Each structure stands twice: as C-alpha cells, then as structure tokens.
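Worksheet for the structure shown next.
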Amino acid sequence: EYGFCSAEDFLSYIKDKEIINYYGITADSLEGYLFPDTYYMPKGISAKKAVMHMVDNFFIQLKKIMGSELTDDRLRIHEKVILASVVEREYRVDKEAPLIASVFLNRLKIGMPLQSCATVAYVLSEIQGKPYPERLFYRDLEIDSPYNTYKFPGLPLGPISNPGKRALESVFNPAKSDFLFFVLRDGESGEHHFSKTL
C-alpha cells in the first residue's frame, strides 16, 4: 500500500532456507526473529532485504541484552526465543514480564506443562485461521497440536510471536521466584496474581 515490498513476497522469505541458514537459526521459519520496531526503509526495497533488516535488528538487540554472552549456540538461543515469544503474549505490565518468565522456567525445571493460554490462542488463530479468541474453553485445551502447551509438556514447536525487548530481557534475565502459577487479577490494569500453589 505504501510502496514497499508485497506482503506475499515478504511472507515467502520468512521460510527461505537460504536466509534461515545464513543466520544459523535452528528452525524452519524466521518467526520469532522479526524484531518488532519502527523501521525506515526505502520505497521499493526487496522483500528479502526487508526481512533480513528485521532479523539483523533482532540480533543487534539480542547482543545488547546478552552482552559478551552472545554465543554461537543457536539452539539454546532458539529455545529462549520460543519462551520469550510466549512471555510476549502473556505479559501486559512491564514489571511482571520477568516474573512470568520465572513461572514458565520453574515449570520447565520440574517437568510441569507450561499451560500457556497464548499458545492455544496461537493454534486457533494462526494455524486454524479462526478469529483471535476472547476466551478459551476446556475443549480448546484438548486441541491436538505441538503448540498446545496444555496437552504437550515442554516448549511449543516454535515461537508464537516476535518477542520485543522486554520479553527477551525477561527470559535471558528472569526474576528469581518460587512461583508456579499466575492469573489475571485486573483486566483493566493488566496486573496478575502470582502464587506457589494452584
């Protein structure tokens, strides 16, 4: 609409094996690595360059978060990107993001399912093509998908969003807590209640 590359071309490069291999990403897609930001690009930029510009920015931001710890262990980074993508869709208040990350990490440590509503909403909206759900039902929690973290333990198959700086920071530097649960306390403020028990 504004004279940049077409959406169709842009989306085709999200799964371009050459670009994925160039960055050493251990996935079939660049989903999770398109850093959400304001971008200034020349009109007529190719879809490939637009995609790579966003992924370049992801690694620039990640280096700022990790500092000298940025290694070539792309599998470890990919797992954290997956978790950050879940945190991105769960938190509403900045200060709570590291606590939400700690809940999920605590669950992973003890083999407890993540049980993230955001992953089920991803299945419904992004995989099944339905409108984004305002609420989930028990039947939704039974959907047979590797992205359904109620049904399958561990991380979902891949990222469910493109995490921003706060979500990435929270996963790479989570809060220390004994919490295993959180629930939305105030829909207006977006604040959650955190607890050790159900």
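From the list 182, 172, which one is closer than 29 Å to residue 61 by Cα and in contact with a His (Cβ under 7 Å, 6 or more places away or on another chain)?
Details: 172 fails: in contact with a His (Cβ under 7 Å, 6 or more places away or on another chain).
After ruling out the rest, the residue left standing is 182.
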Filtering the stretch 156-172 for residues that are open to solvent by 10 Å² or more (accessible area, probe 1.4 Å) and of a type in the set (Ser, Thr, Tyr) leaves a count of 1
ask   = For residue 91, are the conditions met, namely being aromatic (Phe, Trp, Tyr), within 14 Å of the chain's Cα centre (by Cα) and closer than 22 Å to residue 186 by Cα?
value = yes
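Suppose we keep only residues that are among the hydroxyl-bearing types (Ser, Thr, Tyr) and within 19 Å of the chain's Cα centre (by Cα) within the stretch 115-142. Which one would you say is farthest from residue 158 (Cα to Cα)?
Per the criteria, the residue is 132.
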Residue count, the stretch 1-15, condition aliphatic (A, V, I, L, M) and either over 20 Å from the mean Cα position of the chain (by Cα) or buried (at least 19 other Cβ atoms within 10 Å of the Cβ) (or both), comes to 1
When residue 67 is run through (1) on the phi > 0 side of the Ramachandran plot; (2) in contact with a strand residue (DSSP E or B) (Cβ under 9 Å, 6 or more places away or on another chain), the failure sits at (2)
Scanning the stretch 145-183 for residues that are in contact with a Lys or Arg (Cβ under 8 Å, 6 or more places away or on another chain) and of a type in the set (S, T, N, Q) gives 145, 161
State whether one or more residues within the stretch 78-85 are among the aliphatic types (A, V, I, L, M) and open to solvent by 30 Å² or more (accessible area, probe 1.4 Å). no
Flagged in the stretch 16-55 as under 24 Å from residue 156 (Cα atoms), open to solvent by 30 Å² or more (accessible area, probe 1.4 Å), modelled with pLDDT of 95 or more and under 17 Å from the mean Cα position of the chain (by Cα), in numbering order, are 31, 36, 54
| Does at least one position in the stretch 62-72 carry a residue that is out of contact with any Cys (no Cβ under 6 Å at 6 or more places or on another chain), modelled with pLDDT of 95 or more, in a helix (DSSP H, G or I) and more than 22 Å from residue 160 (Cβ to Cβ)? | no
- Query: Does residue 92 satisfy the condition of being in a strand (DSSP E or B), open to solvent by 40 Å² or more (accessible area, probe 1.4 Å), touching a strand residue (DSSP E or B) at 6+ places or on another chain (Cβ under 9 Å) and not hydrophobic (A, V, I, L, M, F, W, C)?
  - Reply: no
For the stretch 110-147 the number of residues that are assigned to a helix (DSSP H, G or I), open to solvent by 90 Å² or more (accessible area, probe 1.4 Å) and among the charged types (D, E, K, R) is 2
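The values are calculated or read from the model by the stated rules, or taken from the named source; none is laboratory data. Note that this is a predicted model, so its numbers are computed, not measured. With ideal geometry, Cβ positions are generated from the backbone for all residues, glycine too; neighbour counts draw on all protein chains shown. For the accessible areas, the whole protein counts, side chains as well, though only heavy atoms, and no ligand, DNA or RNA atoms are used. Shrake-Rupley method; radii C 1.70, N 1.55, O 1.52, S 1.80 Å.
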